[in-house]
Each structure stands twice: as C-alpha cells, then as structure tokens.
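Taking it in order: structure first as structure tokens, then the write-up.
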Amino acid sequence: MKLKQRVVLLAALLVVLILAKVFLLDGGEGSAASRQDQRAFQRMEAGLRLRRGVQLDQTLQSPWEVAAQWVGPREVYPDETPELGAVLSAMATGHVERADVGYKGTQLKALLVLEGGQKVVFKPKRYSRDTVVEGEPYAGYDRHNAEVAAFHLDRILGFHRAPLVVGRFMNLRTEIKPVATDQLVSTFLMQGNNTCFYGKCYYCRESEPACAEGEVMEGSVTLWLPDVWPLQKHRHPWGRTYREGKLARWEYDESYCDAVKKTAPYDSGPRLLDVIDTAIFDYLIGNADRHHYESFQDDGGASMLILLDNAKSFGNPTQDERSILAPVYQCCMVRVSTWNRLTLLGNGALSAAMRTAMAHDPLHPALTELHLSALDRRLESVLTTVRQCVETQGAESVLTEDRMKLSHP
C-alpha cells in the first residue's frame, strides 16, 4: 500500500473514532459500550418500583445477611436486587432492641440496634417538606428526607455507592425510651404535648431539640455497613474552608486539578473519577458539604468513594451551587458510563424515575415537586458543562472509559 493510501486510511480511521465519540456524546447507541449502558439503564428502570411490607421469600437468611453479602469494593448493593424491598421494609418496621446517642459528628442522630443485631442510624425530621433553607448551601440542620432521596438517586445513576436508606415513623415512648441508654434518655424533654430529644453531637443543644408530633417522630433509617468493611476517612480535595474571606486553593487556582492528578490516590486508579461522579451527584442534590469522604480501609485507592451523609441536601430548590461542579469543569473528564446514564436521564426522565423509586417509601412524598424540577434543571447544567469541556478539549480527552469490575469476596 502506497504511503498516500496509508495516510488516507489512517485519516479515515481517525474520523470514525472521533465520530464514535461524538455519537456517544449525543446519546447514541452505536457502540458496544453504549448498548451495554442502555441495557443497564433499562434494568434500572425495571427495578425501580418497590413494594411496601414485602418479606424475603425462599431464604433462610435474615435481611441483614442478604444486605451484608451485597457489599463489595466497588458497590454497596448490586445492579439487580430483587430483595431490596424486603430489606428496606425490615429497616422501616424492625423491632428496636437498643437505642443510644449517635456516633460523633456535628448533627443530631440516634444509633439504633434492630432485632437481629443490625445497627442503623436514625435521623429525625427537623423541617417540613416545603421549608426552604436559606443562606449558604450547607446551612441548616440535616434533612432526613434528603437521605432517602439521595439513596434513590444513587440507584438511578447506577453508582451503587450509598448505604441503604428508608423513611420510618418511630414512637419515642414505646419503641425508643424503654431500650434507650441513660445518656440518650437524659436528652429527652417535652414541648407542650410533643416528645423531643436533643442527643449528643457538636451542634446538639437542649434549646434546639428535634420533636415528634405527640409521641411519633418521622425520620430516616440508614443501614450500617458491615463491620468487616471498616471505613477510612479522607479530606476531600475540593473541600471548603468554611471560613469567611478564606478561599480554598481550588477556588482561585485554575490549574488545581493538574496538582490533584499528581497526588495519591488521584494519580492512578478510579478515585479521581469517583470524585467527579460524586461532584455530579452532589450538584444534583444540592450538597455543598462534602468536606471529607470515606472509602474502605487499606484499599490502595481502588475502592469506591462511599456516598455517606447526604442530609445537607435538597435545602433550597431555587439555588444551584455551581461550585460543587468544580471537579468536573476543572478536570474536564467524566466516565463514559456516567455520561451515557446522564444523557438517558435528560428531558424529565430523572424526576420521573425519582417519583417511581420513592413511591414505596413510608415518607412519600419525600421531595416536593420544586425539588424534583430542580433535579431536571441541574442535570441539564451538568450536561452543558461536559459538552463545553468537549468543545474545548475534545471528546477523547473528556470521555474516559473506566468500567471497574464489581468483584466480591
């Protein structure tokens, strides 16, 4: 073959590769990867609708054993979980054996042990659904319904990195106080006819308790991850200073991502792409408070970034905090699988999927229509941001193949 013919052939191949990337960018279904993502999306849609009060069928295992076996280095639960409804139902109704103040942190919560020895975290209701939390994007108390909504968004995005969460109504007098530690009981008080408690945490105050309606308190229950998977805490590279007038480096250094890429564990492995996935997730839910994050211990940077503590979300449906997307627009890279999923959720499909996913929950409706509309609006901003990156840096540089094998022990 003559040199000129070879050059023409190579140029043609290059055009085909570029067109394939652009086809992916436009939500096409031409490549094997995009077809794989399309099938995964269809499986997700088929499995969204969960029923209340279901029980495990044809198994000798407890719901806690089933959920524990799901956990692996790259997922908290698998893509297909027919038992998920039964596990969530057990979390929402299981008998409480013990209750104590929450583990250390800034926000009020209680640590419960359900029948069978399963630990869960109970976060009480502090706001009505339509309350708008003004101020900084990380302002206000934790939102229990945000934990529920964030878990289902994790399912819809196909990340599978958030612990299981369900809404629950708890009778403080009959379910909690009889099995509570002295430390927790000492924080109970009455305001009129309502039973309240203020627990123990950095911001917990007797003057700011969480109160039930009468004796029944609405809240969220988060399943504790198995003890065989101990957690390791990391400072988020795009964390905020939380000090007025003092900016973090990423807020003024346009080349900040280049420095991050040279630092372990972001210089190799999946961690940086996990951070970018998480930035998209946090932007959608309005969470600007992820100053730290957790992974599994001794992972060498290979395990997932676990999406814990999402309660500082869905505070203000009119506020879109673009700085949350800094890892996306500064690094200009995103997983192809994430991109494909996001494009499939456009044109209102995201809010529709959220309605379906959360319809089973005892807290239904967990989100107002304003928050659901905000999800669709913010998704369009994410898509626009990635497209702008492609325009300036090219699809091959921005869209990154990183399909991690979801191995289990």
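When ligands, DNA and RNA are left out and all protein chains stay put, how many square angstrom of accessible area per residue does the stretch 292-361 have with a 1.4 Å probe?
I get 28 Å² per residue for this part.
How far apart, in nm, are the 7 Å Cα→Cβ label points at LEU247 and GLN42?
4.8 nm
Let me cross-check TRP339: its accessible surface, 1.4 Å probe, with only protein heavy atoms counted, in Å² to the nearest 10?
Solvent-accessible area, nearest 10 Å²: 0 Å².
In vacuum, with every alpha carbon of the stretch 310-409 counted as one equal point scatterer, what does the Debye formula give for log10 I(q)/I(0) at q = 0.10, 0.11, 0.18 Å⁻¹? Two decimals, please.
-0.35, -0.43, -0.99
Extending each Cα 7 Å along its Cβ direction at THR181 and THR356, get the distance between those two points in nm, one decimal.
According to this spin-label approximation, the distance is 4.3 nm.
Give me the three principal axis extents of the stretch 187-295 from the C-alpha atoms, as integers in angstrom, largest value leading.
Ordered largest first, the stretch 187-295 gives principal extents of 57, 42, 24 Å.
Evaluate E = 1/(1 + (r/R0)^6) for TYR329 and ASP227, where r is the Cβ-Cβ distance and R0 equals 35 Å; express this FRET efficiency to the nearest 0.05. Mind dumping the intermediate values first?
Details: r = 39 Å, r/R0 = 1.10.
Calculated value: 0.35.
So if I restrict to the alpha-carbon atoms in the stretch 315-374, what is the Rg, and what is Dmax, the biggest pairwise distance, in Å?
14.1, 40
Spin-label point model (7 Å from Cα, Cβ direction): what's the ASP267 to ASP130 distance in nm?
It works out to 5.5 nm between the two label points.
Which three extents, in angstrom, do the Cα atoms of the stretch 127-200 have along their principal axes, listed largest first?
In descending order, the Cα extents are 41, 30, 21 Å.
Please list, short to long, the whole-number percent of alpha-carbon pairs of the stretch 55-156 in consecutive 10 angstrom bins beginning at zero.
Computed distribution, short to long bins: 12, 36, 35, 14, 2, 0.
For the chain, take the longest principal axis of its alpha carbons; what is the angle in degrees between that and the long axis of helix 84-93, to the nearest 10 within 0 to 90?
20 degrees
When the Kirkwood hydrodynamic radius is evaluated over all pairs of different C-alpha atoms of the stretch 249-389, what value in angstrom, to one decimal, is obtained? Don't skip to the answer; put the middle values down first.
Working: mean 1/r = 0.0619 Å⁻¹.
It works out to 16.2 Å.
Mind checking the stretch 87-164 for GluC sites (Glu not before Pro) that DSSP puts in a loop (not H, G, I, E or B) and that have at most 14 other Cβ atoms within 10 Å? List each step's numbers first, then the result.
Numbers: sites: GLU97, GLU115, GLU134, GLU147; in loops: GLU115, GLU134.
Counting only loop positions with at most 14 other Cβ atoms within 10 Å, the GluC sites (Glu not before Pro) in the stretch 87-164 are GLU115, GLU134.
Give me the angle, in degrees from 0 to 90, between the Cα long axis of helix 32-46 and the longest principal axis of the Cα atoms of the chain, rounded to the nearest 10.
20 degrees
Relative to the longest principal Cα axis of the chain, at what angle does helix 349-358 sit, 0 to 90 degrees, rounded to 10?
30 degrees
Residue-wise, which Karplus ³J(HN,Hα) couplings in Hz belong to the stretch 316-326, taking 6.51 cos²θ - 1.76 cosθ + 1.60, θ = phi - 60°, and x for glycine or proline?
Running phi through 6.51 cos²θ - 1.76 cosθ + 1.60 with θ = phi - 60° gives 9, x, 9, 9, 10, 7, 5, 4, 4, 7, 3 Hz.
Considering the Cα trace of the chain, what is its radius of gyration and what is Dmax, both in angstroms?
Radius of gyration, then largest Cα-Cα span, for the chain: 22.6, 91 Å.
For the stretch 110-162, what class follows from the C-alpha gyration tensor (a ≥ b ≥ c being the square roots of its eigenvalues): rounded when a/c is under 1.5, otherwise prolate if a/b is larger than b/c, else oblate?
In terms of gyration-tensor shape, oblate.
The values are calculated or read from the model by the stated rules, or taken from the named source; none is laboratory data. Predicted model only: the values in this text are computed from it and were never measured. Positions of Cβ are generated from backbone atoms using ideal geometry, with glycine treated the same way; all protein chains shown enter the neighbour counts. When the accessible area is computed, the model is the full protein with side chains, heavy atoms only, and any ligands, DNA or RNA have been set aside. Shrake-Rupley method; radii C 1.70, N 1.55, O 1.52, S 1.80 Å.
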